[in-house]
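K.L.:
The structure follows.
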Amino acid sequence: MSDVLIPERPLEAHIPEVDPDTAHCEAAHLLAEEAGPELLADGFTQDQILAWAKAFLVSNGSGCLDCFYHWIAQQEHTTA
């Protein structure tokens, strides 16, 4: 991954933290689990990763793992 990610919650990047519908909630947990090893290594907590996964899926509906990483970086750097 070439984007530098900041270990923070979406709210700190001015992204609303919402609870998605049931289908997206399950998908968010799966996405957070898949992204976990890399984001944990970057300093994110499990709670932050899940919050980002929920925000990503509410915003985009779906997407690949690389899309998720890029989206986080884009949101953080847009509001930085």
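K.L.:
Full extension from A41 to H70: what is 0.36 nm times the residue separation minus their Cα-Cα distance, to one decimal in nm?
P.N.:
Length gained between A41 and H70: 8.8 nm.
K.L.:
Sorted from largest down, give the three principal axis spans of the alpha carbons of the chain, whole angstrom values.
P.N.:
Reported extents, whole Å, longest axis first: 30, 25, 20.
K.L.:
Sticking with this one: Work out from phi, with θ = phi - 60° and the Karplus expression 6.51 cos²θ - 1.76 cosθ + 1.60, the ³J(HN,Hα) of each residue of region 68-73, listed in order in whole Hz, and give x for Gly and Pro.
P.N.:
Each residue's phi maps through the Karplus curve to give 4, 4, 5, 4, 4, 4 Hz.
K.L.:
Along region 20-26, what does the Karplus equation 6.51 cos²θ - 1.76 cosθ + 1.60 (θ = phi - 60°) give for ³J(HN,Hα), rounded to whole Hz, x for Gly and Pro?
P.N.:
x, 5, 4, 4, 6, 5, 5
K.L.:
Hey, what do the phi angles of region 47-62 turn into as Karplus ³J(HN,Hα) couplings, whole Hz, using 6.51/-1.76/1.60 and θ = phi - 60°, x for Gly and Pro?
P.N.:
Whole-Hz 3J(HN,Hα) from phi for region 47-62: 4, 5, 4, 5, 4, 5, 4, 4, 4, 4, 5, 5, 6, 10, x, 6.
Every read-out reported here was derived from the displayed coordinates using simple, explicitly stated rules and does not represent laboratory data. Keep in mind the model is a prediction, meaning the values are calculated, not measured.
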